[in-house]
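As structure tokens, the structure follows; a few thoughts come after it.
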Amino acid sequence: MSAICIDKLSVRHGQGPGTNVIEAFDLQVEEAETFGLIGPSGCGKSTLLRVLAGIHRYWRGEVRLLDQVLVPGRRFAASLRVNVQMVFQDPYGSLHPRHNIQRTLSEPLQVKGIEDATPRVLQALEEVSLPAAVLPRFPHELSGGQRQRVAIARALLLRPKLLLLDEPTSALDLSVQAEILNLLNQLKAAYRMTYLLVSHDSNVIAHMCDRAATMHAGKIDRLVGRAELSQINSDQSTGPPHE
């Protein structure tokens, strides 16, 4: 089964007439695959992720996620809100500044009806290699790498089937970037998730992805298979990817 199936997707900003950010876009991502999208700023990569996350609802075309058909303008069904999660580029901007980490990680579980969230929260922290000591802290008290680990832990709490990753390491130092990418690979193997990873860095795509596509002006202009990605990865001289 395909995790993502997109046919002739067009996206614009706002409800009125205007230029489409994405035009006649087609994509198919298989279950348990890591698929990468690479391209310059403004080409539509992040907009696509926001459509798939249910954040941006002004679009036309056909979109199916996890065998469920999306309807433009409508909120996700309850199952998709659980099974599709997103990790944003800026971890500080995606975490509530006035909520400590305990509250940030407990709320998704409580909304789902899990009253005693503490065991799951502690497990999530362990999975992203963070100590329980971070729970009473606020986002501004953590490093950039720690904040991104919290964001990943929050996304994984409900055990999603599809994880959307929007430049998840671009705001981090080089050594921390490699740690986060390797962590994502480990978690994907453990939970057999599907990843759609957006980046402008070909090394990150080569390190993470089974297949990839380059985007330009809202369209895919080239598909890159496993063999070519493997060649890019083997050409790197220092192991982990870098910006």
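The values are calculated or read from the model by the stated rules, or taken from the named source; none is laboratory data. Just so we're clear, the structure is a prediction, and the values are computed from it rather than from any experiment. Reconstructed Cβ throughout: ideal geometry from the backbone, glycine too, with neighbour counts over all protein chains shown.
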(request) Report whether or not residue 29 is touching a Gly at 6+ places or on another chain (Cβ under 9 Å) and modelled with pLDDT of 95 or more. (result) no
(request) Kindly provide the set of residues from region 113-132 that are touching a residue at least 12 places away in the same chain (Cβ under 8 Å), surrounded by fewer than 16 Cβ atoms within 10 Å (Cβ to Cβ) and within 21 Å of the chain's Cα centre (by Cα), ordered by number. (result) 129
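Matching residues to (1) modelled with pLDDT of 90 or more; (2) in contact with a Ser or Thr (Cβ under 7 Å, 6 or more places away or on another chain); (3) part of a helix (DSSP H, G or I); (4) buried (at least 22 other Cβ atoms within 10 Å of the Cβ):
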{"position": "175", "(1), (2), (3), (4)": "no, no, yes, no"}
{"position": "188", "(1), (2), (3), (4)": "yes, yes, yes, no"}
{"position": "197", "(1), (2), (3), (4)": "yes, yes, no, yes"}
{"position": "214", "(1), (2), (3), (4)": "yes, no, no, no"}
{"position": "227", "(1), (2), (3), (4)": "no, no, yes, no"}
(message) Which condition from (1) surrounded by fewer than 20 Cβ atoms within 10 Å (Cβ to Cβ); (2) in contact (Cβ under 8 Å) with a residue 40 or more places away in the chain; (3) outside any loop (DSSP other than H, G, I, E, B) is the one that residue 171 breaks?
(response) (3)
(request) Working carefully through the options 105, 135, find the one that is in contact with a helix residue (DSSP H, G or I) (Cβ under 6 Å, 6 or more places away or on another chain), surrounded by fewer than 20 Cβ atoms within 10 Å (Cβ to Cβ) and of a type outside the set (Ser, Thr, Tyr). (result) 135
(message) Just to check your reading of the model, which residue among 23, 31 is acidic (Asp, Glu), touching a Ser or Thr at 6+ places or on another chain (Cβ under 8 Å), more than 30 Å from residue 110 (Cβ to Cβ) and in contact (Cβ under 8 Å) with a residue 60 or more places away in the chain?
(response) 23
(request) Only residues that are in a strand (DSSP E or B) and surrounded by fewer than 17 Cβ atoms within 10 Å (Cβ to Cβ): list them for region 66-102, please. (result) 68, 69
(message) Can you say whether residue 40 is within 16 Å of residue 154 (Cβ to Cβ), in contact (Cβ under 8 Å) with a residue 12 or more places away in the chain, exposed (fewer than 12 other Cβ atoms within 10 Å of the Cβ) and not small (Gly, Ala, Ser), as far as the supplied structure shows?
(response) no
(request) Take residue 106 and decide whether it is out of contact with any His (no Cβ under 9 Å at 6 or more places or on another chain), hydroxyl-bearing (Ser, Thr, Tyr), in a helix (DSSP H, G or I) and more than 19 Å from residue 152 (Cβ to Cβ). (result) no
